[in-house]
1. In sequence order, what are the phi-derived ³J(HN,Hα) couplings for segment B:202-218 according to the Karplus relation 6.51 cos²θ - 1.76 cosθ + 1.60 with θ = phi - 60°, rounded to whole Hz, with x for glycine and proline?
2. Within 10 Å of each Cβ of B:94-107, how many other protein chain Cβ atoms are there on average?
3. Can you tell me the Rg and Dmax of segment B:230-276, counting just the alpha carbons, in angstroms?
4. So what are the ³J(HN,Hα) numbers for segment A:148-165, from phi and the Karplus equation (6.51, -1.76, 1.60; θ = phi - 60°), rounded to whole Hz, Gly and Pro as x?
5. Using just the alpha carbons, could you tell me how many Å³ per residue the convex hull of chain A encloses?
6. Using unit Cβ charges (K, R positive; D, E negative) and no other charged atoms, how large, in debye to the nearest 20, is the dipole of the protein assembly as shown about its Cα centre?
7. Output the 0 to 90 degree angle, nearest 10, between the alpha-carbon long axis of helix A:10-22 and the longest principal axis computed from the alpha carbons of chain A.
8. Nearest 10 degrees is fine. How inclined is helix A:206-218 to the longest principal axis of chain A, computing both from alpha carbons?
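Rule-based calculations on the coordinates, nothing more; no lab input. All values reported here derive from a predicted model rather than from experimental measurement. As a convention, Cβ positions derive from the backbone with ideal geometry for all residues, glycine included, and neighbour counts pool all protein chains shown.
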Amino acid sequence: MSKRSRAQSYPVQLIDLVLIELSNWRWCWRSIVVVGTFVPLFGMVGLSIYARDLGPEALNTIFSGSLVMSLMLGNLGSIQSHVVFMRFQGTLEYFATLPIHKHTLILAIIIAFFLLSLPALLTLLIFGSALLKISLAPHPLAMLVIPLCVLPMSAVGALIGANVGNPQQGGALSILTTFLFAGLGPVLFPAERLPEILQLIGEINPAARAASALRQTLIGPLGELIALDLAIVSGFTLCVLFLVGKKLDWRARHSL
Amino acid sequence: MIVYDVDSLCKIYPGQAVPANNNISFQVCEGEIFGILGDNGAGKTTLIKQMVNLLGSTSGSILLYGKPVTHDSLYLPSLVGYMPQESHALNQLTAGEALYYSAHLRGMNRSAAIDERNRLLKFWKMEDLRDQYSSRLSGGQRRLLRLAVATAASSKVLVLDEPTNDLDPQKRRLVWENLRVLNRDRGKTIIFITHDAVEAERVIERVGILHRGKLVITGSPHVLKRNLKNKLRLEIAFEPGQAPPLPADLELHRLTATRWQIYLEQHQLGDVIAALDIDRLTDMKLSSATLEDLYFHYVEAV
């Protein structure tokens, strides 16, 4: 119909929405600095004191685990609170009345918060490797692994934000989820230091798999395990993103 | 051409026994300014949200240019600009950014969206707010920004939820004047909710009165006013203790101890004016029945 305004192409929608979402740095930079940088950095320092005598393998785990805490779990909290804010403050309604696709918006949120977390990641890489005396040997695959590692917990954050009844519930649930993902498997501690049950759960814990992938691509050596790590991280992400798309209130569908 | 065709619409919220709105049917034609009046809790916002497809309906149908509003996900947003009643949607953006992105995402190219942003800032007299964050604007400025955002990129239909709440008299006048311009010069169909029946009368061409979830009446105000028994409204004010003697059979409302409102038929006017000692009054206004009178007439008749 000629009366309709033309919707922008998918890439243009995505770029605009990423730029809009990037403007969130205006309110969330403090949380990114504290939660995404200082908390993992101090955690890394604290754990390294405990693990100093356990050998380089333990230090590598602590290093990669701290990166996961910053990349994945920091984003989980930020995205959760952002999605809750969008639901309760009318932002989602605003976007729903524009000719854009819901999945473009979800992707834009995840990309924007990933970009916002990059300075924290670089800080951790530089200071963390210096503090723990880890020599980095980045593999080109790290360029794929780093963004991929952000996705699963970002999607979990969006899923929590899309479902909770109020912002307080969202905050509590994301803290609980963060501890569960960080604790259920070799994320911050070497696998051999964990009980067998946690090692088993760690096999399918995307946070543990992401830590493993980061360890292999940033410190090395790159093993066959990387394929399984990335498959589990990607599969988990796709499942959760599908649920986010289903659960996030948007326009009414054929509900009559 | 029919823009909106709402038929037998009903919305029952989960866990609620009483419908938020029930059996609502009306049409809005192209180029019309259609106002929805109603008291608090009458179901106005629910109806508007159903019309912009933000809320599903329990039963009934809403067609937009002949197609269900749920037709495809981009159908309604490509045709309708919506202004919500309350929203902090654009808080992290400046006023200029909010207008630019809204125009761009509604299909304008980059330079056209920049022009549109500048045009809207001027049209809504917000040039000085261009670089201010939405979160730092006053309630009234934020409402004006939401209105400007809804009108970005020339959507053919505007659906506005309380466009003049929180606005000072000057801004209210600007809103009504601009809505009239958008309707007259750009052919926009405008549908809005308001409590402000007196001011809305300046622009409303057809009105729907909503009461307790039901549409009591729709029609053009001047036609509906013919059904009013007393078509004239006389408001008088006087010094304390100086109430004027008036004929006994008048429909009189004591607004305050020193201000009365009297509803009259034309043939009663002469007797009432004759009974009043104008010198003892501090104020007197005579007007024809307003949209507000119409609203009270139909709501009280239910």
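1. For segment B:202-218, the Karplus-derived couplings read 4, 10, 5, 9, 9, 10, x, 9, 9, 9, 6, x, 10, 7, 6, 7, 10 Hz, x marking Gly and Pro.
2. That average works out to 4.
3. 10.2, 29
4. 5, 6, 6, 4, x, 6, 4, 5, 5, x, 5, 5, 5, x, 6, 10, 5, x
5. Convex hull volume per residue, Cα atoms: 143 Å³.
6. Value, rounded to 20: 860 debye.
7. The two axes meet at around 70 degrees.
8. 60 degrees
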